[in-house]
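Asker: Mind looking over this structure? Questions follow.
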Amino acid sequence: MRNRPLCGVCLFICLVISIGTVCGGEKFIKELRPSAAELYLQDEEDVLLTGRVYQKADKEKYQVLYLKDNSILYHQQSLKESRFIIYDEEKHETDIGDILIISGEISLFENARNPGNFDSKLYYQKQDIHGSVWAKSIQKQKNGSHTFYEDMKNKLYRFRKEWMSYLCKMMGAKDGNTLSAMILGEKAEMEQELRELYQVNGIGHILSISGLHLSFIGIGMYKLIRRMTGSYPIGGVFGILFLMLYILMVGFTVSAVRALVMFLFRVGADMAGRHYDAPTALSAAVVAVLVWRPLSLYDGGFWLSFGAVLAVLAVVPVVQEEISVYTLHNNGQQVKTEADGSLSVYLTRFWEYVRQVILQGLTASVGINLVIFPILLYYFFEFPLYSFILNLFVIPLMSILLFLGMVGSLLAMWFAPISTLLFWICSKILWVSMYGR
């Protein structure tokens, strides 16, 4: 760590936060403390709640509203609650930033009763949410005003829904909803059987907005603007703004924050003319996530996201180097025995190149799975043995799919026939990814 002082500082901060979270419990983490609703209210009790919408999501039969700065009327006094979930079966017209008055039946989350069961209380505590309400009536306060941030989120939310509708129109409901899950993180309309099929095959991660998606989008935009303008600062600024807007549209997650922080380090290094150090960027991303949500330490997604990147940085290069040295030593002697310029030499070199590419991809998949294997077993109790081979082909295809899906959506405004062709290719890639389902 002598040559990486910032990395050392970040790791020390991570250690302090981890010890405080695990050992300090509710004394250190306010989300673990019983909320006012948990202390004074009973499950299934009728309540009158006032709060401000900060996020919303559409489901098939209802919409989900996420409220912050809540106040619950209880025996002539007001109970303050940080965040609450509202289930609205009537799907009232609401915007992010609206102040709502809601009456309904409260439900308090419970811990898992058996080891291995889903712990709904801990899951929502990580997000500082302590209860939900099935709304019987919803009224909007007329004097509520929206901030610039809330107006931006509303515009991005509507844009996201229009984008999803267009994908379903061009590709059909099945493939359109699948591509919407990959590009927009919108999985509500995707068939449950199809989602389970992806999960069982060990490729369910492609349906989430992961660091792979965000890195692909951010770096792609950054390089495009940089080449168009010939300026690192201009390319960096536009790349950062574009990625931040995209994350604001699809939602902040652990993977999103990690990808954003590492992207800032990558672009910042280019703009300052400095060397990009991935371990330092990764350690800074860990600090950012733990400061934002310390309870992410108990989240399988946190360990999978950072474990996969750690494997790419530390495990995969070692495995690939050993394989490369071994194969080059054994095959280099054979190439030297051939006459220079002969057809056999070119064929041998081509075959060697193809084999190296395959070996590097295979060893990368094996190296990553060696790290995430115990994480998957601990959190999900299963691991498809063939998933590392399947991911070897699926992950490159997903990069192509993301590129074609976004370019096809962009070209739809000017070159509809080309857009239709690109979406047709996307449908075929989705077909291949599930063995012609």
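Asker: Does at least one position in segment 120-129 carry a residue that is surrounded by fewer than 19 Cβ atoms within 10 Å (Cβ to Cβ), among the hydrophobic types (A, V, I, L, M, F, W, C), touching a residue at least 40 places away in the same chain (Cβ under 8 Å) and touching a Leu at 6+ places or on another chain (Cβ under 8 Å)?
Answerer: Within segment 120-129 (the criterion being surrounded by fewer than 19 Cβ atoms within 10 Å (Cβ to Cβ), among the hydrophobic types (A, V, I, L, M, F, W, C), touching a residue at least 40 places away in the same chain (Cβ under 8 Å) and touching a Leu at 6+ places or on another chain (Cβ under 8 Å)), the answer is yes, since at least one residue qualifies.
Asker: Based on this model, can you work out whether Ser71 counts as surrounded by fewer than 17 Cβ atoms within 10 Å (Cβ to Cβ) and in the same structural domain as Ile129 (by TED's automatic domain parsing)?
Answerer: Numbers: surrounded by fewer than 17 Cβ atoms within 10 Å (Cβ to Cβ): yes; in the same structural domain as Ile129 (by TED's automatic domain parsing): yes.
Here the answer is yes, as Ser71 does meet what is asked.
Asker: Considering only residues that are aliphatic (A, V, I, L, M) and without any contact (Cβ under 8 Å) to a residue 60 or more places away in the chain, look in segment 298-318 and name the one that is nearest to Ala364 (Cα to Cα). Give the derivation first.
Answerer: First pass over segment 298-318, keeping only residues aliphatic (A, V, I, L, M): 304, 308-316, 318.
Those still in the list that are without any contact (Cβ under 8 Å) to a residue 60 or more places away in the chain too: 312-316, 318.
Working: Val312: 7, Leu313: 10, Ala314: 11, Val315: 8, Val316: 5, Val318: 10 Å.
Across segment 298-318, the extreme among qualifying residues is Val316.
Asker: Does any residue in segment 27-38 that is under 14 Å from Lys126 (Cβ atoms) come within less than 8 Å, Cβ to Cβ, of a residue that is exposed (fewer than 14 other Cβ atoms within 10 Å of the Cβ) and small (Gly, Ala, Ser) six or more places away or on a different chain, and which pairs are these?
Answerer: Leu32/Gly25
Asker: Please go through segment 71-111 and give me each residue that is more than 30 Å from Lys155 (Cα to Cα) and in contact with a Leu (Cβ under 8 Å, 6 or more places away or on another chain), ordered by number. Step through it out loud before you land on a result.
Answerer: Taking segment 71-111 as the starting set, the residues that turn out to be more than 30 Å from Lys155 (Cα to Cα) are 73-79, 105-111.
Within segment 71-111, Leu73, Tyr74, Leu79, Ile106, Leu108, Asn111 meet the criteria.
Asker: Still on this structure, please answer the following. Taking segment 63-77, which residues are at negative phi and at pLDDT below 90?
Answerer: In the first step, residues of segment 63-77 are kept if they are at negative phi; the result is 63-68, 70-74, 77.
Result: Leu73, Tyr74, Gln77.
Asker: Can you confirm whether segment 85-107 contains a residue that is in contact with a strand residue (DSSP E or B) (Cβ under 6 Å, 6 or more places away or on another chain), in a loop (DSSP other than H, G, I, E, B), at pLDDT below 95 and of a type in the set (Lys, Arg)?
Answerer: Yes, segment 85-107 contains at least one residue that is in contact with a strand residue (DSSP E or B) (Cβ under 6 Å, 6 or more places away or on another chain), in a loop (DSSP other than H, G, I, E, B), at pLDDT below 95 and of a type in the set (Lys, Arg).
Asker: Of the residues that sit in segment 333-345 and are at pLDDT below 70 and in a helix (DSSP H, G or I), which one is farthest from the chain's Cα centre (by Cα)?
Answerer: Quick first cut of segment 333-345, residues at pLDDT below 70 only: 333-343, 345.
Right, trim to in a helix (DSSP H, G or I) and you get 333-337, 343, 345.
Working: Gln333: 46, Gln334: 46, Val335: 45, Lys336: 48, Thr337: 51, Leu343: 48, Val345: 46 Å.
Among those that are at pLDDT below 70 and in a helix (DSSP H, G or I), it is Thr337.
Asker: Further question: Of the conditions (1) over 23 Å from the mean Cα position of the chain (by Cα); (2) more than 27 Å from Ala36 (Cβ to Cβ); (3) not hydroxyl-bearing (Ser, Thr, Tyr), Lys140 satisfies every one except a single condition; which number is it?
Answerer: The one condition Lys140 does not meet is (2).
Asker: I would also like to ask the following. Keeping to segment 1-57, report how many residues are more than 19 Å from Asp299 (Cβ to Cβ), among the small types (Gly, Ala, Ser) and in a helix (DSSP H, G or I).
Answerer: 3
Asker: So, one more: Exactly one condition in (1) among the small types (Gly, Ala, Ser); (2) closer than 30 Å to Ala416 by Cα; (3) modelled with pLDDT under 85 is not met by Ser145; state its number.
Answerer: Ser145 satisfies every listed condition except (2).
Asker: Let me ask another. Can you name the number of the only condition in (1) over 29 Å from the mean Cα position of the chain (by Cα); (2) surrounded by 14 or more Cβ atoms within 10 Å (Cβ to Cβ); (3) closer than 20 Å to Tyr123 by Cα; (4) not small (Gly, Ala, Ser) that Leu79 fails?
Answerer: Every condition holds for Leu79 apart from (3).
Asker: Let me ask something additional. Condition test on Gly131, is it within 25 Å of the chain's Cα centre (by Cα), of a type outside the set (D, E, K, R) and assigned by TED's automatic domain parsing to the domain that holds Gly104? Steps first, please.
Answerer: Numbers: within 25 Å of the chain's Cα centre (by Cα): yes; of a type outside the set (D, E, K, R): yes; assigned by TED's automatic domain parsing to the domain that holds Gly104: yes.
In short, yes.
Asker: Out of (1) surrounded by 17 or more Cβ atoms within 10 Å (Cβ to Cβ); (2) closer than 27 Å to Gly185 by Cα, the odd one out for Ala36 is which?
Answerer: Only one criterion in (1) surrounded by 17 or more Cβ atoms within 10 Å (Cβ to Cβ); (2) closer than 27 Å to Gly185 by Cα is unmet by Ala36, namely (2).
Asker: Moving to a separate point now. If I ask for residues that are out of contact with any Leu (no Cβ under 7 Å at 6 or more places or on another chain), more than 24 Å from Ala256 (Cα to Cα) and modelled with pLDDT of 80 or more, which ones from segment 166-198 would you list?
Answerer: Within segment 166-198, Tyr166, Cys168, Lys169, Met170, Gly172, Ala173, Lys174 meet the criteria.
Asker: Being of a type in the set (D, E, K, R) and in contact with a strand residue (DSSP E or B) (Cβ under 7 Å, 6 or more places away or on another chain) is the filter here; which residues of segment 1-46 pass it? Walk me through how you get there before you give the answer.
Answerer: So the first thing to find is which residues in segment 1-46 are of a type in the set (D, E, K, R), and the list is 2, 4, 26-27, 30-31, 33, 38, 43-46.
Answer for segment 1-46, where residues must be of a type in the set (D, E, K, R) and in contact with a strand residue (DSSP E or B) (Cβ under 7 Å, 6 or more places away or on another chain): Glu38, Asp43, Glu44, Glu45, Asp46.
Asker: Here's a follow-up. Hey, can you tell me all the residues within segment 164-188 that are of a type in the set (A, V, I, L, M), within 22 Å of the chain's Cα centre (by Cα) and assigned to a helix (DSSP H, G or I)?
Answerer: Taking segment 164-188 and keeping what is of a type in the set (A, V, I, L, M), we get 164, 167, 170-171, 173, 179, 181-184, 188.
Of the ones still in play, those that are also within 22 Å of the chain's Cα centre (by Cα) are 164, 167, 179, 181-184, 188.
Within segment 164-188, Met164, Leu167, Leu179, Ala181, Met182, Ile183, Leu184 meet the criteria.
The values are calculated or read from the model by the stated rules, or taken from the named source; none is laboratory data. Keep in mind it's a predicted model, so treat the numbers as computed, not measured. Here Cβ is always computed from backbone atoms with ideal geometry, including for glycine, and neighbour counts include all displayed protein chains.
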